[in-house]
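Shown next, in structure tokens, is the structure this report addresses.
The values are calculated or read from the model by the stated rules, or taken from the named source; none is laboratory data. Computed from a prediction, not measured in an experiment: that's the story for all the values here. Reconstructed Cβ throughout: ideal geometry from the backbone, glycine too, with neighbour counts over all protein chains shown. Accessible surface is based on the protein model in full, side chains and every heavy atom, while ligands, DNA and RNA are left aside. Shrake-Rupley method; radii C 1.70, N 1.55, O 1.52, S 1.80 Å.
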Amino acid sequence: QVQLVESGGGLVQTGGSLRLSCACSGRTFNIYTMGWFRQAPGKEREFAAAISWSGGVIYYGDSVKGRFTISRDNAKNTVYLQMNSLQPEDTAVYYCAASRRSPVFYTGGYDFWGQGTQVTVSS
């Protein structure tokens, strides 16, 4: 089993920045892709970003492209999401996810999920 614990969420003003972290533990030896999704109230879970084991393959959702940056530190089993130029529409619960497969942008492609961390952007 794999455990994912997100941190770094909070309240920020429009235009501000936050850095989310996701610590991965347990049977991590076969985890290849790490991803971030988000879910706003009343909406479906939305893909934000994903990164392969080596960092050589990175995908971003259209709504965050150019503002968010995903990275990973394999020595620490941690993935990060640097979020800049935050807007009120970025308000959501952000979930970390792990997959044994190559990076994909749909929720069904991920095997393990964290509990989520709330990000609120005030206008």
| note | Note on V79: of the conditions (1) open to solvent by less than 20 Å² (accessible area, probe 1.4 Å); (2) over 21 Å from Q1 (Cβ atoms), unmet is (2)
| message | Which residue is farthest from I58 (Cα to Cα), if the candidates are limited to the stretch 82-112 and must be open to solvent by 20 Å² or more (accessible area, probe 1.4 Å) and of a type in the set (S, T, Y)? | response | T91
| task | Kindly establish whether F47 is assigned to a strand (DSSP E or B) and of a type outside the set (G, A, S). | result | yes
| Do you know which residues across the stretch 1-22 are part of a strand (DSSP E or B), open to solvent by 50 Å² or more (accessible area, probe 1.4 Å) and either farther than 14 Å from V119 by Cβ or out of contact with any Ser or Thr (no Cβ under 8 Å at 6 or more places or on another chain) (or both)? | Q3, V5, R19
| task | Output yes when any residue across the stretch 23-40 is assigned to a strand (DSSP E or B), at pLDDT below 95 and open to solvent by 30 Å² or more (accessible area, probe 1.4 Å), and no when none is. | result | yes
| task | Go through the stretch 56-72 and give me each residue that's surrounded by fewer than 14 Cβ atoms within 10 Å (Cβ to Cβ) and farther than 18 Å from T91 by Cα. | result | G56, V57
